Amino acid sequence: MKKLFFVLYACLCVGLWSCSNDDEPTVPNEKQDVVVSFEDKLTEANTAFAPTEGENYGEWGYKVTSFTDSKSLVKCNSYFSDTWGFGGGFTYTNTTDVTTPGYLNLSAITGKGKEGSVYLTASITNPTQLDNLQTDKYQFKGVYITNATYAYLAVKDGNDASGVVKGPFTDGDYFTVTAIGHDDSGEEVGRSTFYLADYRDGKSSVVNTWEWFDWTPLAGAAYVTFEMESTDTSEYGMSTPNYFCLDGITLTEK
């Protein structure tokens, strides 16, 4: 009789536990992030992407091509010239020069990437575009950003190796980059602005470390373009070098 009692009691406990589990809410799987890397693209130190073939673009002898990361998560456009070298869009590089002014220096002011050695240098000299190649799976979350050495030295010291900039930034000056998201049809879906230098309201900040640039306002974009603005302008447009560097582009599952 005692054995039968314990068997019935055990069955009752199992039944109650099962009912309790059925009533508990299901915890959804957390969305996973994926970080884009170009670390495997370069094998030699202090080098950069150097394309040799592309479509003719514009009247200045530029050609345009594109490249992707090893996992084909994003695509970057890139302009180059046999005469001028890098001509805008993106290039990937592991250069470390944080002291030489001028457009030939493609280095980030950090002298390295956010985690590894390879990162992206961008210039909006020509239209600059970054595509999400897997929009069915992922959306943009953000990226790490810093100044290129070329732009940093122009802002901080007034040295761009050409004498075009007005001099070091002073009170009220600023230098920004805006990421603009577009859908497949080209319509704008959102934008986000980052201050690469900010001398407003008593500040005197020029970015020289990798900082997080939030792209959630343009999360659903199929591709991103860029605009830059500076208080150092002339009749020909912005005098501050239109360069910046990116690393750790982060996408998140939809």
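Mind checking the full-extension length gain between Asn46 and Asp136? Use 0.36 nm per residue of separation minus the Cα-Cα distance, one decimal, nm. List each step's numbers first, then the result.
On the way: separation 90, 0.36 × 90 = 32.40 nm, distance 3.60 nm.
Full extension of this stretch gives 28.8 nm more.
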(request) Note down the net charge around Asp173, summing +1 for each Lys or Arg and -1 for each Asp or Glu among other residues with Cβ under 14 Å from its Cβ. (result) -2
(request) Give me the number: length gained by fully extending Thr170 to Thr209, i.e. 0.36 nm times residue separation minus the C-alpha to C-alpha distance, one decimal in nm. (result) 12.0 nm
(request) Run the quick spin-label model on Glu30 and Ser70: label points 7 Å from Cα toward the beta carbon, then report their separation in nm to one decimal. (result) 2.6
(request) Have a look at Gly237, Thr43, Trp215 and report the one farthest towards the positive end of the charge dipole of the chain, computed about the Cα centre with Cβ charges (Lys/Arg +1, Asp/Glu -1). (result) Thr43
(message) Quick check for you: with a 1.4 Å probe and neighbouring chains kept, what is the accessible area per residue of the chain, in Å²?
(response) 54
(request) Calculate what fraction, in whole %, of the accessible area of the chain sits on carbon and sulfur atoms when a 1.4 Å probe is rolled over the protein chains. (result) 50
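Give the peptides 142-155, 53-66, 238-251 in descending order of average Cβ contacts within 10 Å, highest first.
Working: 142-155: 25.8, 53-66: 13.7, 238-251: 23.8.
Ranked by mean Cβ neighbours within 10 Å, highest first: 142-155, 238-251, 53-66.
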(request) Rank by packing, highest mean first: peptides 176-186, 114-124, with packing defined as the count of other Cβ atoms within 10 Å averaged across residues. (result) 114-124, 176-186
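Sum -39500 (n - 2.57) across every DSSP H segment of at least 4 residues in the chain, then divide by the residue count to get the 222 nm mean residue ellipticity, nearest 500.
Numbers: 2 runs with 31 residues, N = 254.
When only DSSP H runs of four or more count, the value is -4000 deg cm²/dmol.
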(request) Would you tally the net charge around Glu211, using a Cβ to Cβ cut-off of less than 13 Å, leaving Glu211 out, and scoring K and R as +1, D and E as -1? (result) -2
(message) P(r) for the chain, please, calculated from all Cα pair distances in 5 Å bins and given in %.
(response) 1, 6, 12, 15, 17, 14, 10, 5, 3, 2, 2, 2, 2, 2, 2, 2, 1, 1, 0, 0, 0
(request) Once you have all Cα-Cα distances for the stretch 34-75, histogram them in 5 Å bins from zero and send the whole-percent values. (result) 5, 17, 21, 20, 19, 11, 6, 1
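Averaging the inverse of every distinct alpha carbon separation and then flipping it gives the Kirkwood radius. What is it for the stretch 88-211, in angstrom units? Numbers along the way, then the final one.
On the way: mean 1/r = 0.0630 Å⁻¹.
That comes to 15.9 Å for the stretch 88-211.
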(request) State the answer as a single residue: which of Gln134, Ala151, Gly163 lies farthest towards the positive end of the charge dipole of the chain, with beta carbon charges of +1 for Lys and Arg and -1 for Asp and Glu, about the Cα centre. (result) Gln134
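If you take every residue apart from Thr240 with its C-beta less than 10 Å away from the C-beta of Thr240, what net charge results, scoring Lys and Arg +1 and Asp and Glu -1? Numbers along the way, then the final one.
Details: positive: Lys166; negative: Asp160, Asp173, Glu229, Asp232.
Its environment carries a net charge of -3.
In this model, which of Lys71/Lys141; Lys63/Lys156; Lys41/Lys75; Lys31/Lys75 are farther than 21 Å apart at the alpha-carbon? Walk me through the numbers on the way to the answer.
Numbers: Lys71/Lys141 17 Å; Lys63/Lys156 32 Å; Lys41/Lys75 14 Å; Lys31/Lys75 23 Å.
Over 21 Å Cα-Cα: Lys63/Lys156; Lys31/Lys75.
The values are calculated or read from the model by the stated rules, or taken from the named source; none is laboratory data. These numbers come from a predicted model, not from an experiment. Neighbour counts are summed over all protein chains in view; Cβ atoms, including those assigned to glycine, are modelled from backbone coordinates with ideal geometry. Ligands, DNA and RNA are stripped out before the accessible areas are found, and what is left, the full protein with its side chains, is counted by its heavy atoms. Shrake-Rupley method; radii C 1.70, N 1.55, O 1.52, S 1.80 Å.
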